[in-house]
Amino acid sequence: MSAHPLLDALLRHLDTQGDTVENLQRRLTAFRALGPENGGDGEMPKARQIAELLGGPGSPFTLRWCNAPDARVSCGERPNLIAHLPGREARTLWLFAHTDVVPAGPDASWTSDPWSVRREGDLLYGRGVEDNQQGLVSMLLLAAALRAALDAGAERPPLGLGLVFMADEECGNLKGLQHVLEQAGELFRPDDFYIVPDSGSPDGSEVEVAEKHVLWLRVRTSGRQCHASQPQCGVNAFVAGAAAVLACAGLTEDFPQTDALFQPPCSTFVPTRHEGGADSINILPGDDCFYVDCRLLPDVTPESVLAAARARTADVARRFGVEITVDIHHHQAASVTPQNSPVVGALAGAVAAVYGVEARPVGIGGATVAALLRRQGLPAVVWSRLLNTCHQPDEHSSIAATIGDAKVFAHVLCRC
Ligand SMILES: [Zn+2]
């Protein structure tokens, strides 16, 4: 006799689901669930298909829609679907997957049609099969295994199971998880478990618990435009801006702190987009603008970086006789789930049991939907066993890993 009959039943069921993974991936990929920003009509047909799979007569799940109005799509809404099955305890294991995908890019860069899944041994190829349908399908597998076990007379699991299928992850989450947290925030309790299977490493060892601040600085330089043949009449904002670029790249010297949780372990400061300058080769440019992508360790404040960037560029402005303004174009705050949170320990135990590897907490440069959960005080981790082919041509995912991830969630659900 096993000590965990429910878990054993779930694992046995999951072992037989290889063809189910292929079939689900094939159906889900064909929906081409692109958001309107990406020229698509949204995620509704795909979300309805998921609801059909989870609901119906005799389903132990309660389904709730939490759709966000969006006039840009033909049905007028972006779908967010929440499925819940109560456990023996009040606490719930919540799993999150997004239904939207990114465009496939040029067909020529793919070996086969990106919207028609191709199987090669253990691997499935198609747009979205990894991001985020590996996680999505592993959630559906777990739900089906649980339903079969309950139908066969098994006791409910200790934890409840909550599945959230959300829209709009690829373009900012406003119509997706952000909307769910605003409209249905009461569902989520601080002592629940939160796992987002949307990022991870090929061996399953990385558990993402923290994200750096994302800070985008905009640096604008004003000089005086003139004809390039008479440079003494103007002040070249492009040349001064170039000096400002180098000055901002030097911000690393002002913030040398390191934290081994993160890779790289330091804050980073990277000049990226450049705008303005002259339209014509014979114009000495009077305006220049560039951006700096900063990823800051949680203890580094955006205000201190802004002040340091202003001090560095003020020096450039003096030397070149231009005016330089630095402002914050965008900021998403750092977020951290404490490494001693119960979800981290439960997940590490499950990963060891299923994959035989030691899970370790890591921090990333950001930014995932876990930050939205953490900001509400909900202890979220991002984990999956992934090959990391998302957003690329020939995106692919492993059937074995999809089933393995579902087994990991089954372990956490049964807390063994
Ligand atoms: Zn994703």
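The values are calculated or read from the model by the stated rules, or taken from the named source; none is laboratory data. Quick caveat, the model's predicted, so the values are computed rather than measured. Here the Cβ positions follow ideal geometry from the backbone for every residue, glycine too, while neighbour counts run over all protein chains shown. Please note that ligands, DNA and RNA were not included when accessible areas were found on the heavy atoms of the full protein model with its side chains. Shrake-Rupley method; radii C 1.70, N 1.55, O 1.52, S 1.80 Å.
If r is the Cβ-Cβ distance from Arg319 to Ala260 and R0 is 45 Å, what FRET efficiency results, to the nearest 0.05? Calculated transfer efficiency: 0.75. Coupling constants for the range 76-89 follow from the phi torsions by the Karplus curve (6.51 cos²θ - 1.76 cosθ + 1.60, θ = phi - 60°), and in residue order they are x, 9, 9, x, 10, 10, 10, 10, 9, 10, x, x, 7, 9 Hz; glycine and proline get x.
Nearest 10 degrees is fine. How inclined is helix 133-151 to the longest principal axis of the chain, computing both from alpha carbons? That helix lies at roughly 20 degrees to the long axis.
Take the Cα of Glu253, go 7 Å toward its beta carbon, and the backbone nitrogen atoms of the range 279-305 under 20 Å from that spot belong to 292-295, 304-305. Annotation: peptides 198-204, 76-82, 223-229, ranked by per-residue average of other Cβ atoms within 10 Å with the highest first, follow the order 76-82, 198-204, 223-229. Put simply, when 304-313, 394-403 are sorted by average Cβ atoms within 10 angstrom per residue, most first, you get 394-403, 304-313. Working note: Cα gyration tensor of the chain, eigenvalues times five, square-rooted, sorted largest first, giving semi-axes of 46, 24, 19 Å. Rounded to the nearest 10 degrees, the angle from helix 18-29 to the longest Cα principal axis of the chain is 40 degrees. You can think of it this way: the chain between Val357 and Thr389 has 9.4 nm of extra reach, that is 0.36 nm per residue less the Cα-Cα gap.
Each residue of the range 181-195 is assigned a 3J(HN,Hα), and the resulting list reads 5, 6, 8, 9, x, 5, 5, 9, 10, x, 9, 6, 9, 10, 10 Hz, derived from the Karplus form 6.51 cos²θ - 1.76 cosθ + 1.60 (θ = phi - 60°), x at Gly and Pro.
For the chain, report the accessible area per residue in Å² (1.4 Å probe, heavy atoms, rounded to an integer).
Dividing the accessible area of the chain by its residue count gives 42 Å².
Rounded, prolate or oblate: which one fits the range 130-227, using the alpha carbon gyration tensor with axes a ≥ b ≥ c (rounded when a/c is under 1.5, else prolate when a/b beats b/c, else oblate)? Note, shape of the range 130-227 comes out prolate. Measure off, as a whole percent, the carbon and sulfur share of the 1.4 Å-probe accessible area of the chain, all protein chains present. Whole-percent figure for carbon plus sulfur exposure: 52.
Residues of the range 193-214 with the amide nitrogen closer than 19 Å to a label point 7 Å from the Cα of Glu89, along Cα-to-Cβ, please. The answer is 193-196, whose backbone nitrogens lie closer than 19 Å to the label point. Put simply, the amide H of Ala380, placed in the peptide plane, has neighbours under 5 Å in Arg374, leaving out anything fewer than 5 places away on its chain. Basic side chains Lys and Arg get +1 at the Cβ, acidic Asp and Glu get -1 at the Cβ, and with that the dipole of the range 210-354 about its Cα centre reaches some 160 debye.
Determine by what factor the alpha-carbon radius of gyration of the range 213-332 differs from 2.2 N^0.38 Å, reporting the quotient. Present the calculation step by step, with values, prior to reporting the outcome.
Working: Rg = 15.7 Å, N = 120, 2.2 N^0.38 = 13.6 Å.
Taking the Cα Rg and dividing by 2.2 N^0.38 Å, one obtains 1.16.
The length gained on full extension between Leu63 and Asp299, counted as 0.36 nm times the residue separation minus their Cα-Cα distance, comes to 81.0 nm. Using the average count of surrounding beta-carbon atoms within 10 Å as a protection proxy, the listed peptides 259-270, 32-43, 209-220, 181-192 rank, highest first, as 209-220, 32-43, 259-270, 181-192.
Residues in the range 215-223 carry Karplus couplings, in order, of 10, 10, 9, 10, 10, 10, 10, 10, x Hz; the curve used is 6.51 cos²θ - 1.76 cosθ + 1.60 with θ = phi - 60°, and Gly or Pro positions show x. Excluding same-chain neighbours fewer than eight residues apart, the lysines reachable from Lys46 by a Cα-Cα span under 19 Å are Lys175. Can you give me the Cα centroid spacing of the range 77-133 and the range 46-76 in angstrom? Taking the Cα centre of the range 46-76 as reference, the centre of the range 77-133 is 15 Å away.
Using C-alpha pairs below 8 Å separated by at least 6 residues, the relative contact order for the chain is 23 percent.
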